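I have placed the structure first, in the form of structure tokens, so that the comments after it can refer back to it.
The values are calculated or read from the model by the stated rules, or taken from the named source; none is laboratory data. Quantities reported herein were computed from a predicted structural model and do not represent experimental measurements. When we count neighbours, we look across all protein chains shown, and the Cβ atoms used for this are built from the backbone with ideal geometry, even at glycine. Just the protein is used for accessible areas: all its heavy atoms, side chains included, with ligands, DNA and RNA removed. Shrake-Rupley method; radii C 1.70, N 1.55, O 1.52, S 1.80 Å.
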Amino acid sequence: MNLESQYKRAGIYIAPSAYGVPVDRKEALESCKTYASEHECLKLMRIYVDEIASVIRIPEKNGRRMPLGVTGNDAWQRLLKDTETSAIETVVVYAARTVAPSISRLAYLIREYFLPCGIGFIDVEAGFDSETGDVDEYLRHKTREYRSTLYGKKVAE
């Protein structure tokens, strides 16, 4: 059996939180490395780190509200390019709140890009792996969590 087919090439992405509870990047990196080392199906290929990633509101266009965007996420952009070339087959993040400025953007990434392209997505903090977990339930929980940060309420576990 080909050794290459036994694992998926993984990339870890570490960044500050876009919303909610701040992330200790050193602790997050260690958690992600530990996760990758405990799962033989993953081979850690690269680590991507954004020191500063800021959420920005894209100006209104023709009176329509525009989505939130992110600036300073160069490492995330490199990771996405590496998924396009199959250098990375699984994306490992510490927490969803470090990936996108909103849950709708996260849902779009997972449902419209990662899953159709066969790219795995792992959220270490949530214990979620798109290969084995229920994506819809994960996104529902992340939506509740996101809304609670907007309205200052605790998330029901």
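The set of residues in the stretch 93-138 that are open to solvent by 10 Å² or more (accessible area, probe 1.4 Å) and small (Gly, Ala, Ser) comprises 102, 104, 107, 118, 126, 127, 130, 133. Please verify whether residue 62 is surrounded by fewer than 20 Cβ atoms within 10 Å (Cβ to Cβ) and either at pLDDT 90 or above or at positive phi (or both), treating the condition exactly as stated. Criteria met by residue 62.
Return yes or no: is residue 145 surrounded by 15 or more Cβ atoms within 10 Å (Cβ to Cβ), more than 22 Å from residue 12 (Cα to Cα) and in contact (Cβ under 8 Å) with a residue 60 or more places away in the chain? Taking the combined requirement at face value, the residue satisfies it.
For the stretch 77-126, residues that are hydrophobic (A, V, I, L, M, F, W, C), under 14 Å from residue 47 (Cα atoms) and over 8 Å from the mean Cα position of the chain (by Cα) total 4. Residue check: residue 97 meets all listed conditions (1) at pLDDT below 95; (2) outside any helix (DSSP H, G or I) but one, namely (2). Filtering 49, 55 for residues that are open to solvent by 40 Å² or more (accessible area, probe 1.4 Å) and at pLDDT 90 or above leaves a single hit, 49.
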